[in-house]
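The values are calculated or read from the model by the stated rules, or taken from the named source; none is laboratory data. Keep in mind the model is a prediction, meaning the values are calculated, not measured. Cβ atoms come from the backbone with ideal geometry, glycine included; neighbour counts cover every protein chain shown. Note: areas computed on protein heavy atoms with side chains; ligands, DNA, RNA excluded. Shrake-Rupley method; radii C 1.70, N 1.55, O 1.52, S 1.80 Å.
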Amino acid sequence: GDLTPEEQAAARHWLIDVVDPDEPYSLAAFLDGARAALDDIAARGRTPIIAGGTGQYVWALLEGWNVPRVPPDDALRAELEARAQREGADEVARELAAIDPDAAASIDANNVRRVIRAIEVTRATGRRFSEWQRDRVPSPEATIVGLMMAREALYARIDERVNAMMAAGFEGEVRSLIAAGYGCNVRAMSGIGYRQMCEYIAGACTLPEAVTKMKTETHRLARMQHAWFAPGDARIRWFDAGSPTLEADTLAVTAGGASGDGGPAVS
């Protein structure tokens, strides 16, 4: 769920509210910020905890990816975005598969922005996007912890969170962003939740329909997490999120670290 002010006050959190909605943000920018944070934490003798569900970003940090600094090609992006709108996301994904089948296999075809970025980098560098992240292994100092939950229970948790977001004034937040000049065409507004609320505010659907879409899209995103965090991945230590001994179990693992050195945990 979202961090409360109390949770943020209890322990320092990094890389939250670091850009405005209309500012570009990339994997390279994340890595620069995350590595600076890790250096700061290490210099103070503390243990960092990397928490997140964006698989590409988490693995890029853990595996030390060499991310190409390729500037946006606005003309290419506009062309491919228009094609996705006209012919469907699968057509753009097929174009990526033709030049980089490994990248196409690891990227959700419905994530058009990421598919386009892979095409953009491959064309600009002459090197497949997937090759920038190949043959790397996680840091031996990291303990990687994953939480499992039965699908029905997970979907119920997601639905509760969406309901809580709406009750906390999510619609008002989106309307305030629009009033502040951040239109629904801003990239940040394409995320789950913001996109559906924009559709509702524009009159394309009812509020209940928008909320249902938010839940359904988040269910799909949860399923896609297995593309990055596979249950059979031997690098990840999996725990049942519903276990009554979860806290004790995970504390025992993270206290020892992957090699007994108290390395960072990823959850």
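Observations
- Condition met for LEU31 (surrounded by 14 or more Cβ atoms within 10 Å (Cβ to Cβ) and within 21 Å of PRO140 (Cβ to Cβ)): yes
- Check on GLY193, modelled with pLDDT of 90 or more and farther than 30 Å from ASP102 by Cβ: yes
- Test: ALA248 is buried (at least 16 other Cβ atoms within 10 Å of the Cβ) and either modelled with pLDDT under 80 or not acidic (Asp, Glu) (or both): no
- Selection from the range 43-60 of residues that are open to solvent by 70 Å² or more (accessible area, probe 1.4 Å) and among the hydrophobic types (A, V, I, L, M, F, W, C): ALA43, ILE49, ALA51
- When residues of the range 195-219 are limited to those that are open to solvent by less than 60 Å² (accessible area, probe 1.4 Å) and within 17 Å of the chain's Cα centre (by Cα), the one farthest from VAL112 (Cα to Cα): LYS215
- Condition met for GLN133 (modelled with pLDDT under 90 and either over 22 Å from the mean Cα position of the chain (by Cα) or surrounded by 13 or more Cβ atoms within 10 Å (Cβ to Cβ) (or both)): yes
- Some residue of the range 137-155 being over 28 Å from ALA104 (Cα atoms), open to solvent by 40 Å² or more (accessible area, probe 1.4 Å) and without any contact (Cβ under 8 Å) to a residue 24 or more places away in the chain: yes
- If you filter the range 1-28 down to residues that are within 25 Å of TRP65 (Cβ to Cβ) and small (Gly, Ala, Ser), you find that the one that is least open to solvent (accessible area, probe 1.4 Å) is ALA28.
- Scanning the range 97-104 turns up no residue that is open to solvent by less than 60 Å² (accessible area, probe 1.4 Å), in contact (Cβ under 8 Å) with a residue 40 or more places away in the chain and within 20 Å of PHE229 (Cα to Cα).
- Filtering the range 220-233 to residues that are open to solvent by 40 Å² or more (accessible area, probe 1.4 Å), among the small types (Gly, Ala, Ser) and within 14 Å of VAL145 (Cα to Cα) leaves only GLY232.
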